[in-house]
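Shown next, in C-alpha cells, is the structure this report addresses.
The values are calculated or read from the model by the stated rules, or taken from the named source; none is laboratory data. This structure is a prediction, so every number in the text was calculated from the model and none was measured. Cβ coordinates were reconstructed from backbone atoms using ideal geometry, including for glycine residues, and neighbour counts include every protein chain displayed.
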Amino acid sequence: METHMDTRRRKQRGMFLTAICLIYEYYNTYIDRSPCMTSSYIGDKWVGELLAGHPTRFCNMFRMTQAIFIDLLDLLVGSHGLHGSSRTNPREVLAITLFILSQNESMRGAMERFQHSSETISRYFSIGLSALVSLSSHVIRASDYKFEHIPAEIARDARYMPFFKDCIGAIDGTHVDARIPNSDKVAFIGRCGSTTQNVMAVCDFNMCFTFVMAGWEGSAHDSRIFKSATRDPKSNFPHPPAGKYYLVDAGYPMQRGYLKPFPDTRYHIPDFARASNVTRGRNEIFNKRHSSLRGVIERTFGVWKKKWVILRDMPPYNFSKQVQIVFATMALHNYIRRHHSRSDIDFHLAELDEENVPSETFEYRLGQFFTEEETEASIAFTVDGEGASEMAELRERIVDEIACL
C-alpha cells in the first residue's frame, strides 16, 4: 500500500522529469536550434531562375510574362510602397504575393517554396497585397475617362456599329468564394448555397475593369448593390455622361444611362445557339445583339477568375483581407491587359472565341437556376428609375435601325 512518503516522491520525480523536458525543449529552440528551412535553393534564387528561363514556366507560376513582372515590380517599388527587408528583396516579396494569389498556395506551401517562416511569409504577403491595393486605385478606371471616343471593339464590328456607338461598357455582378465566421454566415449564403462575397463590376470592351464594389454579402441582390454604388458619392462611380450608357441585364433597373434587354424575351446567347441562332421578331433581334455585346463582362470575369485561383477557394483570412484580394487581383488583371506587350494567353483565348466563356465565370453565380418564386421576387426588387422611358425609346430606335438593314 502506497504511503504518503511514496506519493510525495512520485510527484517530485514527475516534476523533475517535466523540468528536464522543458529545459531540453528550450535548449533546442533557443540555444542549439536545428534549422527548419535548410534548402540551398532559396526563394529568390528560384525566382531568378524562372526569370531567366522558359516563358511558359514563369507564366505557369505567376500568371504573367517576365517582361510584365519586371515592369510591375518597378512600378510597385517606385510608387506603391512595395519593399523588402534586410533578408529579402522586393522581387521576392512580389513573387510570394503572386504565387499565393495565382496558385492559392497555403502558407506552409509558400514557406517550403521560399524557405521562410510562416510569420515572414504572412508579413510579406500583406506587404505585397497592400501595394497591389494601392495600384488598384490607379488602374481600375476607364482609359477614356471622359468617354469621348467610340470603343474600337464597337467601331470595327458591323453587328454593333452604329447601333451601339454610344455604349461605354457593361455592368454585372459575380460571386467570390468567402470564408465567414459561423456567427455571420447566414447573410453570406445566397441561392448558390455557399458563403460568397458579392462583387459588382463595370468593364469596358477591352476586358478591363473600370469600377468595382466589393465586400457585399452573398445574399445581397445585384440591384441593391447597384443602387448603393450609383447613389453614394463616396463610391466614385463612373456615371455615364449625357447620351452615353452602360449595358445591364434584367437584374438591374432600367434608368437613364443604363440599357437593359426586352423582358419576357429570349436573351442569353446559349439559348439562341440551341435554337440554331434563329431569332423571332424584333425583340429577340435586339436581345441577341445586346447579350452578345454585354458578354464582354462574362469573359472578363472568366479571365480574372481563371488566372487567380484564390478567388475560387478563398483561405480563411479575415474578411477585410478577402476584400483586398478582390481589388488586388483586379488591379493585376488590368495591368496585364493594358501592358504594352499585349502578351497574355488567357486574354488571347478569350478574344479568339467571344462565345466561349470560361466556366470559372459562373461559379457561385446567383440566379443560374431560379425557381418561379425567386424570379418573381427578383423582378419585384428591380424597380425602374428616372429616365426609364428614354431608354425604352432608345431601345426601340436601335431595333428600328437594325430592322432597316
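Quick one: which of LEU82, LEU73 is part of a helix (DSSP H, G or I) and under 18 Å from THR329 (Cβ atoms)? Let's see the steps before the verdict.
Values: LEU82 fails: part of a helix (DSSP H, G or I).
None of the other options fit; the residue is LEU73.
Out of the residues in the stretch 113-155 that are of a type in the set (Lys, Arg) and modelled with pLDDT of 95 or more, which is nearest to the chain's Cα centre (by Cα)?
Restricting to residues being of a type in the set (Lys, Arg) and modelled with pLDDT of 95 or more, the top hit is ARG141.
Taking the stated definitions as given, is PHE362 within 18 Å of PRO261 (Cβ to Cβ), at pLDDT below 95 and either of a type in the set (Asp, Glu) or surrounded by 12 or more Cβ atoms within 10 Å (Cβ to Cβ) (or both)?
Answer is no for this residue.
Could you look through the stretch 106-124, keep only residues that are buried (at least 21 other Cβ atoms within 10 Å of the Cβ) and without any contact (Cβ under 8 Å) to a residue 60 or more places away in the chain, and pick out the one that is farthest from GLN324 (Cα to Cα)?
ALA110
State the number of residues belonging to the stretch 207-259 that are of a type in the set (S, T, N, Q) and closer than 17 Å to GLU386 by Cα. Even if it seems obvious, please write down each step before you answer.
Initial filter on the stretch 207-259 (of a type in the set (S, T, N, Q)): 210, 219, 223, 228, 230, 235-236, 255.
Still in the running and closer than 17 Å to GLU386 by Cα: 223, 228, 230, 255.
Residues that pass the stated criteria total 4.
Every residue, every condition in (1) of a type in the set (A, V, I, L, M, F, W, C); (2) in contact with a Ser or Thr (Cβ under 6 Å, 6 or more places away or on another chain); (3) in a helix (DSSP H, G or I), yes or no:
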site	(1), (2), (3)
TYR160	no, no, no
ILE171	yes, no, no
LYS185	no, yes, yes
GLY193	no, no, no
VAL202	yes, yes, no
ALA229	yes, yes, yes
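Which pairs have Cβ atoms under 9 Å, sit 6 or more apart or on different chains, and link a residue in the stretch 219-237 that is under 16 Å from ARG141 (Cβ atoms) to one that is of a type in the set (Lys, Arg)?
Hits for this filter: ASN236/ARG141; PHE237/ARG231.
Looking only at the stretch 173-183, count every residue that is assigned to a strand (DSSP E or B) and surrounded by fewer than 22 Cβ atoms within 10 Å (Cβ to Cβ) and tell me the total.
Adding up the residues that qualify gives 1.
Go through the stretch 196-234 and give me each residue that's modelled with pLDDT of 95 or more and among the polar types (S, T, N, Q).
Those that are modelled with pLDDT of 95 or more and among the polar types (S, T, N, Q): THR196, GLN197, ASN198, ASN206, THR210, SER228, THR230.
Kindly evaluate SER143 against the criterion of being under 30 Å from SER86 (Cα atoms) and surrounded by fewer than 18 Cβ atoms within 10 Å (Cβ to Cβ).
Here the answer is no, as SER143 does not meet what is asked.
Mind listing just one residue for me: the one in the stretch 285-327 that is part of a loop (DSSP other than H, G, I, E, B) and of a type outside the set (A, V, I, L, M, F, W, C) and, of those, nearest to the chain's Cα centre (by Cα)?
This residue is ASP313.
Just wondering, is there one or more residues in the stretch 315-329 that are at pLDDT below 95, charged (D, E, K, R) and surrounded by fewer than 23 Cβ atoms within 10 Å (Cβ to Cβ)?
no
Given the structure, is SER106 touching a His at 6+ places or on another chain (Cβ under 6 Å), under 30 Å from GLU49 (Cα atoms) and among the hydroxyl-bearing types (Ser, Thr, Tyr)?
So SER106 fails the test.
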